[in-house]
Every structure is written in C-alpha cells, then in structure tokens.
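Let me begin by presenting the structure, written as structure tokens, before commenting on it.
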Amino acid sequence: MEKNLKNVLVISFGFLLLFTAYGGLQSLQSSLHSEEGLGVAALSVLYAALILSSMFLPPVLIQKLGCKWTIAGSMCCYIAFSLGNFYASWFTLIPASVVLGLGGAPLWSAKCTYLTIAGTSYAEKAGKDGKDIINQYFGVFFLIFQSSGIWGNLLSSLIFSQASITDNISEEILACCGAHDCITGTPNSTGAAEVSNSLIYTLLGIYTATGVLAVLLVVLFLDQIKPDPAEAAKGTPEKPSFWSTFLATFRHLKDRRQCLLIPLTMYSGLEQGFLSGDYTKAYVTCALGIRYVGYAMICFAAVNSLSSLLFGKISQYSGRQLLFALAAVANTACIIALLLWQPHPKQLAVFFVFPALWGLADAIWQTQTNGLYGILFEKHKEAAFANYRLWESLGFVVAFGYSTRLQVYIKLCLLQSVLVLSMVTYGAVEYLEAKGPPGTATPAKKGSAGPAAQET
C-alpha cells in the first residue's frame, strides 16, 4: 500500500504544480486577452486540438512509452502554453494552444490508466472491492489536484492587486453584466488593460517554473506502472498492430454504454467552460474587475478540492447514483439563479456563492465520472479514458466556441438542457448495468461495478 500511495501522491502533486499554472491562465484568458476574442479563441483551439489528440494519441503513446513517460512528456506541452502567453498574439498563443491540446489527452488518459491499474492491483492483493479503492485513489488525486485552482488563482490575484486599478464601474456598464450581457462589446476590459506588462511577466515566470517542477517530480519519483496481473499471467500475447491501437478509441464506441455516457461527459466540459469563460467575464470581471477573478476561482477550487475527497470516501456508502443526483440539483439551482440575478458590486458575497456551489457539483462530476469509466471499462482503460477526454474536450470547444456569439442566458439554457439529457442517458447506463448483458454467462470481475466492456 505504501508504494501505491506514494505513486498516487507523486501524480497528484505533479498535477497540482502543473495545473497551478494552467488553471490560473485559463481563468484569465477571456479577461486578459479580450481583444478580438483572442483568449476564448485560444481556449477553443486548445480543446479542438485536444479532441484530435484524444482520437489518435493516448493508446499509442501509453503503449509505446508507458504511463510514466507519457505523463512527463505531455506535461512539457503545458509549459509551452505558459511560454506562449509571454507575448500573446494570434501567431504565438494559437500555436501554443495547439501544442497543449495535443499533449492534454495522453496526459489525462495515462493518469487515469495509472490510477485504475494501481487501484485494481492493490484491491486484488488486499482482497478488497476494486471500485472502492479506485474511487478512493481518484478522491485523493482530485483533493490535491483541485487545490491547484487555489494556488494558481491566488498568485494572479495577489500579483494583480499590486496594480493601481480603479474599478469605478458605471450603472450603464453594470446593466450589461450577467445573463443578459451586451454581447456586442467587452464593457469592462479596462481592468485587464491597466495591468502592467511587468506584473504579467512576473506571473507567467512563476507559472512556467511550477510547470518545470512538475515534470522533474514525475521523472524522478514516479514508478513505471506494471501491467495488470491477470494480463501478465497470460504470458506475452501477440502485440496488436499500430493501426489496431490507433483506432482503439473509435472501436470503443461500439459499446453502447460508452455512447450513452457521451452527454454526461460533454456536460463536464460545458459546465467547466461556462464557469471559466463566461462567469468570470460576464459576472466577475464585468461587475467587479479582473482582480476579483482569482478570488472567485479560489472559492470554486477550495470547495471542489474538499468535496472531491469527501465524495470519494462516501461514494462506497451512498452509491454514485445519489451523488450524481445531488450534482444535478446543485447545478440546476445555480443556473436558475444566474438567469434571474443582476450582478452588482454591493452584493459581493453572492459572487462567491455561485463558484462554491459549482465547485461542489464539479467535484462529483469529476470523481464519479472518472471512477465510473474505470469501473465499467476495466478491460479497455486506455481507449475508454481517451473517449472521456475526447467528449469532455468537445464540451469545452462548444462552450468557448459560442462564448462571443451568444448571450449568457442562452448559454445557461443550453447548459440546463444538456444536463437533463445527461441524467436521462446516465440513468440508462445504470439500468443496463443492473440488468446485465443479455446472453452472457461470464460474471463480472471482482472489483467491477458491472460487466466488462463488450466488443460487438
């Protein structure tokens, strides 16, 4: 257990350092690079590249390099994005976004594969339920990982607070904030414009250094994961062809459970994209100023981090269905309130209530959906988690793609519609798991919540 726990902690703290930089930059893109929509365009391109990466790269790289070196190499792509922000233009930030996108899917797929194999391996040795150990590992990971939003946004808020910015926002501008935002302009971008280049470069330098530390941590301290004991016991099987591995992501869509999970997975990207791209700009930056973006996202990250550990622990007692229902109710309440609320600086506390509730819901979406993929598709982990990143990334692309074209109230209505669809299709997956596959006499493996993924 000590060795497994050490590896889980190394991955967790590596991601903590890496996403301290990336999370802080993502939260600021729509506000800091608002000219001609460069910030949200960069994020949209980033997740479009992540979609292409999800289709082709994860199974190939994990097979060729192993989980450890796939994680280390992919982390270097995130450092490139930090460097691209030093001189943000269409010719620097967009290519850097493409590089990050290509490295994103292998990074997350290798991480999920590593934690699932480690959890399953320990559960078999200790005689415990595999899904419980996997959920606990993901809970520990997300507890540490989600706190990256605290440190990244705290850095940006502290550094930007040194600028001499006066956020005297008129009532006319405030009328353009919130759900019925004035889409034709970016009313309160002066806060970003008045931040000096020296402060921006200081922040970017710190972000780049944390990314380098993340790579060194993984390279020096993470053990290469061994294959599943059951696979090793079979001897050395015939190595699949490159083309077969290349198409593993697409072949996995033959499993109807994977198809039914697409709306839920896309919603994960949509809801995160809304918070970081639309809430920060249309509510926080518009009504309070850019220096409050970091503090709002700290609130989101803190609640998300603590909730991740909590829900990772209690899922074995409550069951994942109840937790998914709780997340759906929390997001629905936030969406309705955001549709009705007109943000104003006098209501300062309210700006932090929404990120807190959003963080509670997102903790469930992240821990339980990741765990669900690991449990349902234990025999096809690489392809399953590649699909997870693919469809979640598509949700990000859609969220950032229409960010400058639709008013916020339309985005909120679309978000609620996808949430309802997600709960319906997720319910169908649970029904199929409870019913069991027709005509199959092979029992589910120990540690799995249901039958292994079938190939049709």
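The values are calculated or read from the model by the stated rules, or taken from the named source; none is laboratory data. Computed from a predicted structure; not experimentally measured. Don't worry about glycine lacking a Cβ; one is built from the backbone with ideal geometry, like all the others, and counts go over all protein chains shown. For the accessible areas, the whole protein counts, side chains as well, though only heavy atoms, and no ligand, DNA or RNA atoms are used. Shrake-Rupley method; radii C 1.70, N 1.55, O 1.52, S 1.80 Å.
The table below gives the values:
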| read-out | value |
| --- | --- |
| Too-long pairs where the Cα-Cα distance tops 25 Å, listed order kept, from 128/313; 131/381; 128/254; 3/254; 313/411 | 128/254; 3/254; 313/411 |
| Mean residue ellipticity (222 nm) of the chain, computed from DSSP H runs ≥ 4 via -39,500 (n - 2.57), nearest 500 | -24500 deg cm²/dmol |
| 0 to 90° range, to nearest 10: angle between helix 350-376 axis and the chain longest Cα axis | 20 |
| Value of relative contact order over the range 253-435, rounded to a whole percent, pairs C-alpha under 8 Å and six or more apart | 45 |
| Label point distance in nm, residue 325-residue 339, each placed 7 Å from Cα along Cα→Cβ | 2.3 |
| Degrees between helix 293-318 axis and first principal axis of the chain (Cα, 0 to 90, nearest 10) | 30 |
| Overall Cα dimensions of the chain - principal axes, largest extent first, Å | 69, 43, 38 |
| Mean separation of Cα contacts under 8 Å, 6 or more apart, over the residue count of the chain: relative contact order % | 28 |
| Rounded percent of accessible protein surface that carbon and sulfur make up, the chain, 1.4 Å probe | 67 |
| Heavy-atom surface of the chain, accessible at 1.4 Å and reported per residue (Å²) | 39 |
| Partnerless cysteines, meaning none of the other Cys C-beta atoms lie under 4.7 Å away, in the chain | 67, 76, 77, 112, 259, 299, 334, 413 |
| Potential extension, residue 89-residue 6 segment - 0.36 nm per residue separation minus Cα distance | 25.8 nm |
| Leading residue at positive end of dipole, the range 253-435 (Cβ point charges), from 289, 261, 371 | 289 |
| Cα-based helix-to-principal-axis angle, 381-401 vs the chain, degrees rounded to 10 | 20 |
| Once exposed loop trypsin sites (Lys or Arg not before Pro) are cut out (DSSP; at most 11 other Cβ, 10 Å), longest piece of the chain | 1-233 |
